[in-house]
1. Checking the structure you have, find out if any residue of the range 115-127 is under 21 Å from Leu11 (Cα atoms) and not aliphatic (A, V, I, L, M).
2. Could you list, ordered by first residue, the pairs with Cβ atoms under 6 Å in which the first is in the range 9-38 and closer than 30 Å to Thr122 by Cβ and the second is outside any helix (DSSP H, G or I) and modelled with pLDDT of 90 or more, at least 6 apart or interchain?
3. Of the residues that sit in the range 8-29 and are under 25 Å from Ser83 (Cβ atoms) and aliphatic (A, V, I, L, M), which one is surrounded by the fewest Cβ atoms within 10 Å (Cβ to Cβ)?
4. When you scan the range 15-31, do you find a residue that is modelled with pLDDT of 90 or more and over 30 Å from Asn115 (Cα atoms), even just one?
5. Among the residues in the range 113-123, are any closer than 18 Å to Lys49 by Cβ, modelled with pLDDT of 90 or more and assigned by TED's automatic domain parsing to the domain that holds Gln50?
6. Name the single residue, out of those in the range 32-67 being hydrophobic (A, V, I, L, M, F, W, C) and at pLDDT 85 or above, that is farthest from the chain's Cα centre (by Cα).
Amino acid sequence: MSTQSKLNNFLNLMDYENIHRLPYNNNAQILAAHARNSRKRLTGRGLIKQNIKREAHRLQLYKTHRLQLYKARRLQLYSRLYSRHMINLATNHIWEHSTSFQRNQFINLANNANNINNIRLTDNVSTIDRIARITTRQITNNTLENDFFNGAGNFNDNNNSLESLILPAGCLGSSSSFP
């Protein structure tokens with residue numbers, strides 16, 4: 001059976017309502033949170049591809065090829081590549097045959113989620129920058145806390161160094177004395 005006929009069979013079995021359903025009920029906030037976990041930039045085509053993968057699992061496209069996996073390692077690699085190839089072919093076919101309205105819905109959702117993540121990233125950078133600029137010394141109860149929160153100033157003074165607070169007695173001195 002040719003690749004084209006296998007693709008046609010796959011396309012005929014698909015539920016196109018599932019394929020054109022916007023992920024997370026068109027909620028860009030939830031989609032952005034999931035995209036942050038994978039650290040990928042979203043695209044409209046990528047969202048369609050996710051739906052096609054879900055549909056392939058529903059139709060057990062992957063499972064029919066996994067039954068042959070026990071025969072040989074080479075066959076296992078082939079079946080994974082075949083499944084990915086079929087998903088990519090189906091994605092290209094469906095994307096090209098979708099209406100511009102359908103494509104724009106997926107593109108807009110992906111862009112909105114990416115914008116949310118970009119704003120969040122910018123907020124994180126500015127927060128980290130503000131933390132790095134803190135100049136107010138922290139009030140602490142002991143030397144270890146003081147060195148931790150305010151930075152260790154002098155490592156050569158054995159009585160007040162971080163080494164003197166952490167290392168057991170008798171291990172003080174230069175760093176070269178470590179075993």
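The values are calculated or read from the model by the stated rules, or taken from the named source; none is laboratory data. Because the structure is predicted, anything quoted here is derived from the model rather than measured. Glycine also receives a Cβ, built like all others from the backbone with ideal geometry; neighbour counts cover every protein chain displayed.
1. Looking only at the range 115-127, we keep the residues that are under 21 Å from Leu11 (Cα atoms), and these are none.
No, every residue in the range 115-127 fails to be under 21 Å from Leu11 (Cα atoms) and not aliphatic (A, V, I, L, M).
2. Correct list of pairs: Ala35/Leu42.
3. If we filter the range 8-29 for residues that are under 25 Å from Ser83 (Cβ atoms), which is where we start, we get 8-24.
Within this subset, residues satisfying the condition of being aliphatic (A, V, I, L, M) are 11, 13-14, 19, 22.
Details: Leu11: 17, Leu13: 12, Met14: 17, Ile19: 19, Leu22: 16.
If we take residues in the range 8-29 being under 25 Å from Ser83 (Cβ atoms) and aliphatic (A, V, I, L, M), then Leu13 is surrounded by the fewest Cβ atoms within 10 Å (Cβ to Cβ).
4. Of the residues in the range 15-31, the ones modelled with pLDDT of 90 or more are 15-31.
Among the residues that remain, those that are also over 30 Å from Asn115 (Cα atoms) are: 15.
So far as the range 15-31 goes, yes, one or more of its residues are modelled with pLDDT of 90 or more and over 30 Å from Asn115 (Cα atoms).
5. Kept after step one, since they are closer than 18 Å to Lys49 by Cβ, are these residues of the range 113-123: 113-114.
Now narrow it down to the ones that are modelled with pLDDT of 90 or more: 113-114.
Narrowing further to those that are assigned by TED's automatic domain parsing to the domain that holds Gln50: 113-114.
Scanning the range 113-123, I find at least one residue that is closer than 18 Å to Lys49 by Cβ, modelled with pLDDT of 90 or more and assigned by TED's automatic domain parsing to the domain that holds Gln50, so the answer is yes.
6. At the first step, the residues of the range 32-67 found to be hydrophobic (A, V, I, L, M, F, W, C) are 32-33, 35, 42, 47-48, 52, 56, 59, 61, 67.
In the following step, the residues that additionally are at pLDDT 85 or above were identified as 32-33, 35, 42, 47-48, 52, 56.
Details: Ala32: 10, Ala33: 10, Ala35: 6, Leu42: 11, Leu47: 14, Ile48: 18, Ile52: 19, Ala56: 22 Å.
Looking at the filtered set, the residue picked out is Ala56.
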